[in-house]
Amino acid sequence: MKPYAFALAAAALLGLCACGQKAETSVPADSAQVSAASDADAVQTLTGSDGKISIVIQGSHFADASGGDLPNGVDTGELTLLQRDESSGITIYVANLGTPKTDAATYFANLKAALHADKSLSQVQTGAATDTRMNYRFTQNSADTQLHENCIAIYETAALYNVCALSNTAGREDLAAVLKEVNLTK
């Protein structure tokens, strides 16, 4: 480009800016919306430290939360995954509860009875148990907050797993959505 042509183009651009008009660029004005849509389509796979449980979640930003508080009733030795998505306020954890001492049907029946008998829990709902899984959810009430928790109990001959999503701000459906695809690696 010749120097005077460049000067004319610069002057025209300055003139447009002075008039309040916007010069066109190669970046679309709605690029922020495109980026947000890409984030919503992004898929994240979380895997426990023992490699047995993986959780596939779309549109999330989970990161290690091992420095945070442990979920109620979970020991450090049982925890194989602890992740938090700050934007949604959801924490996910996986606990390996050890080798089962009963068959699956008995374990799930006992779990269901224990959940319904626990007076510190409200809005307890348990799904139908299969040979290897049972979904359940509840709310823990404290003096100043409610903590919603959605879980999947997974039974295998070598171990029992609890996979849970919890939050005091996200709704129950949001918690269920992050646990939509939970896989056991054989």
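What distance in nm separates the two pseudo spin-label positions at residue 74 and residue 131, each 7 Å out from Cα along the beta-carbon direction?
For the pair residue 74/residue 131, the computed spacing is 2.8 nm.
Aspartates and glutamates near residue 119 by alpha-carbon distance under 18 Å, same-chain residues fewer than 8 away left out - which ones?
Of all the aspartates and glutamates, those that pass the test against residue 119 - Cα under 18 Å, at least 8 places apart if same chain - are 144, 149.
So if we plug the beta-carbon distance of residue 114 and residue 63 into 1/(1 + (r/R0)^6) with R0 = 30 Å, what FRET efficiency do we get, rounded to 0.05?
Details: r = 32 Å, r/R0 = 1.07.
With a Förster radius of 30 Å, E is 0.40.
Give me a comma-separated list of calculated 3J(HN,Hα) values for segment 122-130, in order, Karplus coefficients 6.51, -1.76, 1.60 applied at θ = phi - 60°, integers in Hz, x for any Gly or Pro.
10, 6, 6, 9, 10, x, 6, 7, 9
Tell me, what is the percent relative contact order of segment 43-184, built from C-alpha pairs under 8 Å that lie six or more residues apart? Don't jump to the answer; show the numbers that get you there.
Working: 278 pairs, mean separation 33.8, N = 142.
So the answer I get is 24 percent.
What is the ratio of the Cα radius of gyration of segment 43-184 to 2.2 N^0.38 Å, where N is its residue count, to two decimals? Mind dumping the intermediate values first?
Working: Rg = 14.3 Å, N = 142, 2.2 N^0.38 = 14.5 Å.
After normalising by residue count via 2.2 N^0.38 Å, the value is 0.99.
Since every read-out is calculated from the coordinates, none of them should be taken as a lab result. Because the structure is predicted, anything quoted here is derived from the model rather than measured. Cβ: placed from backbone, ideal geometry, glycine included. Neighbour counts: every protein chain shown.
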